[in-house]
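See structure below.
The values are calculated or read from the model by the stated rules, or taken from the named source; none is laboratory data. Source: prediction; values computed, not measured. Backbone-built Cβ (ideal geometry, glycine too); neighbour counts: all protein chains shown.
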């Protein structure tokens, strides 16, 4: 790392292309320490974390144990935290999490496993916390502490404002933390309000610390690494640790100065993409249209070198303005019978065969509904591939409602409804006695999947697609009945390759949530990527003319400097998209596992699309009601 970068980053950062590589690095460091301690005849004391971030790392440790003989016989573990109150064997408890992802698969001595106890009476928690501190000290202290980071900068469950001197204790969870963890529970109301956590002082006593962060944590990571030390960003206190490193993927590192504003850290190559990024970010920072930027603006914002290399300010402004202008098109499938060299898409062939891969049965209309309708209306052959059933995101109430309808329908028309009555009775009995965290029966899961299939089919008909243009893949990795999914498997890839070869598309649209380490979108994206790579390697001719466009899911949008195709929408088109989203009635109002955003999906989509249009307008482009954005993937 250069000295210029060092001046910005106050914590060393190891940055990897993706989550898998970063997880493998951390697992390797843990394995190396375990083996060194074993060779010296010593026990290895690990501080462990939970949440989605370390799952891939634990999977790699399990692989090292099974395939490379890594023994955990000399390992002692102390976990950072636990919800309170919570039963030890509850699915969402961190005791269950650790056994599910690590302890049940390696040769660790159960007596060497330590987690805060979420089952104790409240009047005994203080003594338990003091005892936990003593156990860590008696074990010789933590050799290596693994951390994640919360969206508000918390480490462990040390929320903003936690004292640097804090020790293991019971804490109130911040609303933002409970919102972020709601995906593990059915809804926010079921997320515990308290937790037992190691304190910041406890964490800082570890001999070495590795903090892992993937995906949408870029802004808080930048504050922790480059900002001032403050208890309002607990992770920033790690700047004062003598042996701490952050392990990041590229998206999480994207807000660090060396990536966001690399021109400030030293010499760089001024490619058109880099020029666009620098000038766009400067314009937004100054709240100026691109064509109003001055030489003084460039010099005062660290871009004087750009003018030295590229010359006149106005010429640079024009170059960036034209790049933004040329990304806007009302013809996502390419405009036929015209030659537009700067258009995001090719004019020929026309019409195009297009396939929209939708991870869940509503991502197509939520994330790119306007583009979906535009492609069809402009005469392209549009197919939609619903990659998973989405059955866990349907409430039990919807099941009984729809079975009750089926029974009533048959009764109304004098049909034999004995079978449906039996199914309804069985479903009602199961749901009424359903235990917390109990997996649905295959019949209930099937009905939930049918509900979502019907909604998806109705959406396609609403857009105008003829029969046969929608495809329900039901990829096997998803069908576990729980939040945790299986890894991408060979059958998932084969099903995807089969559909691609059947349609031979000129355009593929898929959810480009590249930074989502464990979510359904990422696995679905990997299935498409791997399938296209294999088809290309096999020499299929059609794939040479197939372009891949990535859209974002319901939560975030592409950085405006990265957008390569922006599809504008009129107010009427925004309303038409909204009504298309409304077809997914099972996903309206309160949805299981909704995540940290309390808005309904149509509200998220409209706010995001409106914001994208506003950013283009702020930069001096035409003001539209909304815009959907895409980035092209090259393979």
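Here are the numbers for the structure shown:
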quantity	calculated
Top-ranked residue of region 443-469 - restricted to ones that are surrounded by fewer than 18 Cβ atoms within 10 Å (Cβ to Cβ) and under 28 Å from the mean Cα position of the chain (by Cα), ranked as nearest to residue 577 (Cα to Cα)	458
Residue within region 379-395 that is exposed (fewer than 15 other Cβ atoms within 10 Å of the Cβ) and more than 33 Å from the chain's Cα centre (by Cα) present	yes
Residue in region 101-112 that is at pLDDT 95 or above, more than 30 Å from residue 188 (Cβ to Cβ), touching a helix residue (DSSP H, G or I) at 6+ places or on another chain (Cβ under 8 Å) and buried (at least 17 other Cβ atoms within 10 Å of the Cβ) present	yes
Flag for residue 151 being free of Cβ contacts under 8 Å to residues at least 60 places away in the same chain and under 17 Å from residue 53 (Cβ atoms)	no
Condition met for residue 535 (surrounded by 22 or more Cβ atoms within 10 Å (Cβ to Cβ) and either in the same structural domain as residue 218 (by TED's automatic domain parsing) or in contact with a helix residue (DSSP H, G or I) (Cβ under 6 Å, 6 or more places away or on another chain) (or both))	no
Breaking point among (1) in contact with a helix residue (DSSP H, G or I) (Cβ under 9 Å, 6 or more places away or on another chain); (2) modelled with pLDDT of 90 or more, for residue 347	(1)
Qualifying position, being farther than 25 Å from residue 261 by Cα and at pLDDT 95 or above, among 622, 612	622
Where residue 73 falls short, out of the listed (1) in contact (Cβ under 8 Å) with a residue 24 or more places away in the chain; (2) buried (at least 22 other Cβ atoms within 10 Å of the Cβ)	(2)
Lone qualifier among 373, 323 - being modelled with pLDDT of 95 or more, farther than 26 Å from residue 532 by Cβ and under 31 Å from the mean Cα position of the chain (by Cα)	323
Flag for residue 567 being assigned by TED's automatic domain parsing to the domain that holds residue 357, in a loop (DSSP other than H, G, I, E, B), within 24 Å of the chain's Cα centre (by Cα) and at pLDDT 95 or above	no
Given (1) out of contact with any strand residue (DSSP E or B) (no Cβ under 7 Å at 6 or more places or on another chain); (2) in a loop (DSSP other than H, G, I, E, B), index of the condition residue 344 fails	(1)
Long-range neighbours under 7 Å by Cβ, at least six apart or interchain, first residue without any contact (Cβ under 8 Å) to a residue 40 or more places away in the chain within region 600-616, second part of a helix (DSSP H, G or I)	606/574; 606/578
Test for residue 517: is it touching a strand residue (DSSP E or B) at 6+ places or on another chain (Cβ under 9 Å), modelled with pLDDT under 95 and surrounded by 18 or more Cβ atoms within 10 Å (Cβ to Cβ)	yes
Within region 36-69, tally of residues that are within 17 Å of residue 112 (Cβ to Cβ) and in contact with a strand residue (DSSP E or B) (Cβ under 9 Å, 6 or more places away or on another chain)	9
Residue 522 vs. criteria part of a loop (DSSP other than H, G, I, E, B) and either closer than 21 Å to residue 604 by Cα or out of contact with any strand residue (DSSP E or B) (no Cβ under 6 Å at 6 or more places or on another chain) (or both)	no
